[in-house]
Amino acid sequence: MTPQAGPAPDAVAPPPPAPAPVPGDALARAAELYVAVHRDPELSGAEERTAARLAAALGGAGLDVERGVGGHGVVGVLRNGPGPVVMIRAELDALPVREETGLPYASTVTAPGADGTPVPVMHACGHDAHLAALSGAAAVLAGTADTWCGTLVVVGQPAEETLSGAAAMLADGLYRRFPVPSHVLAQHVVPLPAGMVAHAEGPLLAGSATLEVVLHGRGGHAGAPQLSADPVIAAAAVVMRLQTVVSRETGPGEPLVVTVGSIRAGTPGGSNVIADRATLEVTVRAFTDESLERAVAAVRRIVRAEAAAAPLPAPPEPDVRVLSRSRPTVPDPGATAVVRRAHEAAFGPHRVTRWQPSMATEDFPLYGDAGLDLHGVPGIRTGYWMLGGAGPRQWAAAGGPGADAAARMGVLPPNHSPLFAPHPRLTLETGIAAMTAAARAALTVPAEVA
């Protein structure tokens, strides 16, 4: 994901007791993997060491493992007789963030960024926890194969943060080279109390489109602006006009976000130079494909109109290019109901709550019907839930005495923060148990066990 946590649902209670522990050996190995991956994070598309660690963990649990799927993707398969095929998935990549948690296993890693310049790297979104919980669930399911039938497919996906990894794995034959799942399951850490999980009714995460806009001008001397065509003025007009897409073109009940995240023009120290181009990066987010398409069309229209209104040279026309695209994450209602019941049975109803949809985004939907043009397999059910990561002390201290859940989540370090630090034991314990229960619920339970 690229998720920032969504607002807390009203139903969130004070931190519950920890769930029943998973087998000690599985938890210990998962914790070891978590610390190793957190200490040694890798950026999107460069997850070689992380993939090797996951592959070793899955191989050690008895799965048949293949690496290098869609980049550094890892696929493990455990065949356990006739029955459904269930795929569980987690992400490999980290973010260009400098860690400030002060943890003894904090990352000090730097790596080449998108432009080749070294950047700090941190698991600031919880992918390390997802990966460790995935390996732990695989180990538990492998060790309890007498309690289920079917085939388990375990996927470590690269490049989620760039929204390109799922498509790359599917293009590389994920559903041709490996068993095709009936269910695909995933979870994501957020600043809810550790020991809890949360499900959505309907959309869980938004879809998004990120656009690069280039406005062309005519450079010149700042002292003779009449002889130039300043693209910065047009860029400023675009930024202001884009605000009306939400305030004047979108109904009050239709969630939509339009963000200009980057503006670049000129060079440092060039205050006496009028630039010849200005580049903006614009992200739109919505809970339906229809809203997203309307917003993208509005961005294109406004860019063209503001460029036409400015004294810019013609040609060239402004360039608008889609850098990334994702679909809304809307888990299958039937799969959600089955998984929620399994979680309530595993943790108790008081530890299973409702998730209010977040404007964060994911490429996970491509494994289901949203990616039908990539894999051609209709009817795959997707299940996705949020996993609490805030420890009891951290949750109790957030927001002060009497603060409600929304206020506490507003204070806790969110996903992508340099201070993001889930409670290791409770997060992994809950994550392993939640993924194990969900996968087992989607697999066939033998009659003698049932």
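Could you run the Debye sum over the Cα atoms of region 15-119, one equal point scatterer each and no solvent, and tell me log10 of I(q)/I(0) at q = 0.11, 0.12 Å⁻¹, two decimals?
-0.46, -0.54
Express in whole angstrom the spacing between the alpha-carbon centres of region 62-89 and region 247-302.
What the calculation gives is 40 Å, centre to centre.
How long are the semi-axes of the ellipsoid equivalent to region 221-296, from square roots of 5 times the Cα gyration tensor eigenvalues, in whole Å, largest first? Please report the intermediate quantities before stating the final value.
On the way: eigenvalues 219, 28, 14 Å².
Whole-Å semi-axes of the equivalent ellipsoid: 33, 12, 8.
Taking only the C-alpha atoms, wrap a convex hull around region 38-87 and report its volume per residue in Å³ as a whole number.
Roughly 90 Å³ of hull volume per residue.
Could you identify which residue out of GLY136, GLY368, GLY334 has the top mean-square fluctuation in a GNM of the chain using Cα springs shorter than 10 Å?
GLY334
Count charges around ALA275 for me, please; just the other residues with Cβ under 13 Å from its Cβ, Lys/Arg as +1, Asp/Glu as -1.
Summing Lys/Arg as +1 and Asp/Glu as -1 gives +1.
For region 254-297, take the alpha-carbon Rg, divide it by the Kirkwood Rh, and send me Rg/Rh.
Working: Rg = 15.4 Å, Rh = 12.6 Å.
Radius of gyration over Kirkwood radius for region 254-297 works out to 1.23.
Using the Cα centre as the reference, give the magnitude of the dipole from point charges on the C-beta atoms of region 312-424 (Lys, Arg: +1; Asp, Glu: -1; all else neutral), rounded to the nearest 20 debye.
Details: 10 positive and 9 negative charges, 108 e Å.
Value, rounded to 20: 520 debye.
So if I average 1/r over every pair of distinct C-alpha atoms in region 76-115 and take the inverse, what Kirkwood radius in Å does that give?
On the way: mean 1/r = 0.0684 Å⁻¹.
Hydrodynamic radius (Kirkwood, Cα pairs) of region 76-115 is 14.6 Å.
In bins 5 Å wide, starting from 0, what share of all Cα pairs of region 170-235 does each bin hold, as a percent?
Bin by bin from 0 Å, the calculated values are 3, 9, 10, 10, 9, 10, 8, 7, 7, 8, 8, 7, 3, 0.
Fully extended, how many nm does the chain gain between ALA407 and ALA305 (0.36 nm per residue separation, minus their Cα-Cα distance)? Before the final figure, lay out each step's value.
Working: separation 102, 0.36 × 102 = 36.72 nm, distance 4.15 nm.
32.6 nm is the gain from fully extending ALA407 to ALA305.
Output needed for the chain: three equivalent-ellipsoid semi-axes, defined as square roots of 5 times the C-alpha gyration tensor eigenvalues, in descending order, whole Å.
Working: eigenvalues 345, 107, 96 Å².
One finds semi-axes of 42, 23, 22 Å for the chain.
Going by alpha carbons, how many degrees (0 to 90, nearest 10) lie between the helix axis of 231-247 and the longest principal axis of the chain?
That works out to roughly 50 degrees.
Could you tell me the extents of region 230-348's C-alpha atoms along the three principal axes, largest first, rounded to whole Å?
Over region 230-348, Cα extents along the principal axes are 68, 32, 23 Å.
Go ahead and set up a Gaussian network model of the chain, Cα springs under 10 Å, then flag whichever of GLY59, GLY71, GLY270 fluctuates most.
Greatest mean-square fluctuation among the candidates belongs to GLY270.
For THR329, enumerate residues with amide H under 5 Å from its amide H, sequence gap 5+ or separate chain, H modeled in the peptide plane.
LEU204, LEU205, ALA206, GLY207
Would you please report the Å³ per residue occupied by the convex hull of the alpha carbon atoms in region 109-167?
101
Under 10 °C and 1.306 mPa s, how fast does region 302-430 diffuse according to Stokes-Einstein, given a Kirkwood radius computed over C-alpha pairs? Answer in µm²/s, whole number.
Values: Rh = 19.0 Å.
It comes out at roughly 83 µm²/s.
Using a 10 angstrom cutoff on alpha carbons, build the Gaussian network for the chain and name the most mobile of GLU429, GLU161, GLU306.
Result: GLU306 has the largest fluctuation of those listed.
Calculate one ³J(HN,Hα) per residue across region 117-134 by plugging θ = phi - 60° into the Karplus curve 6.51 cos²θ - 1.76 cosθ + 1.60, and present them in order as whole Hz with x for glycine and proline.
Karplus values, whole Hz, x for Gly and Pro: 6, x, 10, x, 10, 8, 7, 9, 10, x, 5, 5, 5, 4, 5, 5, 5, 4.
At q = 0.13, 0.28 Å⁻¹, what log₁₀ I(q)/I(0) does a Debye calculation on the Cα points of region 89-135 give, no solvent, two decimals?
Normalising to I(0) and taking log10 leaves -0.32, -1.02.
Just name one of SER262, PRO203, THR110: the one whose Cα is farthest towards the positive end of the charge dipole of the chain (beta-carbon charges, Lys/Arg +1, Asp/Glu -1).
It is PRO203, whose Cα lies furthest towards the positive end.
What whole-number value in Å² describes the accessible area per residue of the chain for a 1.4 Å probe?
Values: 18130 Å² over 450 residues.
Value returned for the chain: 40 Å² of accessible area per residue.
Take the alpha carbon atoms of region 108-122, find their center, do the same for region 335-372, and report the distance between the two centers in whole angstrom.
A separation of 33 Å, based on Cα centres.
Taking a 1.4 Å probe, which of ARG325, ARG29 shows the most accessible area, and what order do the others take after it? It would help to have the intermediate numbers written out before the result.
Working: ARG325 95, ARG29 130 Å².
Result of the area sort, largest leading: ARG29, ARG325.
Can you check what the net charge comes to around PHE287, using other residues whose Cβ is under 11 Å from the Cβ of PHE287 (Lys, Arg +1; Asp, Glu -1)?
Surrounding charge for PHE287 is -1.
Taking region 135-187 on its own, what percent of its Cα-Cα pair distances exceed 13 Å?
Details: 936 of 1378 pairs.
For region 135-187, the share of Cα pairs beyond 13 Å comes to 68 percent.
Express the carbon and sulfur contribution to the solvent-accessible surface of region 231-285 as a percent, rounded to the nearest whole number, probe 1.4 angstrom. Can you show the working numbers first?
Details: 1720 of 3120 Å².
The nonpolar share, carbon plus sulfur, comes to 55 percent.
Over all directions, what mean area does the Cα convex hull of region 259-329 project, stated in square nanometres? Present the calculation step by step, with values, prior to reporting the outcome.
Values: hull surface 23.8 nm².
Dividing the Cα hull surface by four gives the mean projection, 5.9 nm².
Based on the Kirkwood radius over alpha-carbon pairs, what value in µm²/s does the Stokes-Einstein equation return for the translational diffusion coefficient of region 124-234 at 25 °C and 0.890 mPa s?
Details: Rh = 19.2 Å.
Approximately 128 µm²/s, per Stokes-Einstein.
May I ask you to order 90-101, 276-287 by the average number of other C-beta atoms within 10 Å around their residues, highest value first? Intermediate values should be presented prior to the final figure.
Working: 90-101: 23.2, 276-287: 21.5.
Packing order, densest peptide first, comes out as 90-101, 276-287.
What angle, in degrees between 0 and 90 and rounded to the nearest 10, separates the Cα long axis of helix 24-39 from the longest principal axis of the Cα atoms of the chain?
20
Work out Dmax and Rg for region 368-443 from the C-alpha atoms and quote the Rg first, both in angstrom.
According to the Cα coordinates of region 368-443, Rg and Dmax are 17.3, 53 Å.
The values are calculated or read from the model by the stated rules, or taken from the named source; none is laboratory data. Remember, predicted model here, so these are calculated numbers, not experimental data. Reconstructed Cβ throughout: ideal geometry from the backbone, glycine too, with neighbour counts over all protein chains shown. Please note that ligands, DNA and RNA were not included when accessible areas were found on the heavy atoms of the full protein model with its side chains. Shrake-Rupley method; radii C 1.70, N 1.55, O 1.52, S 1.80 Å.
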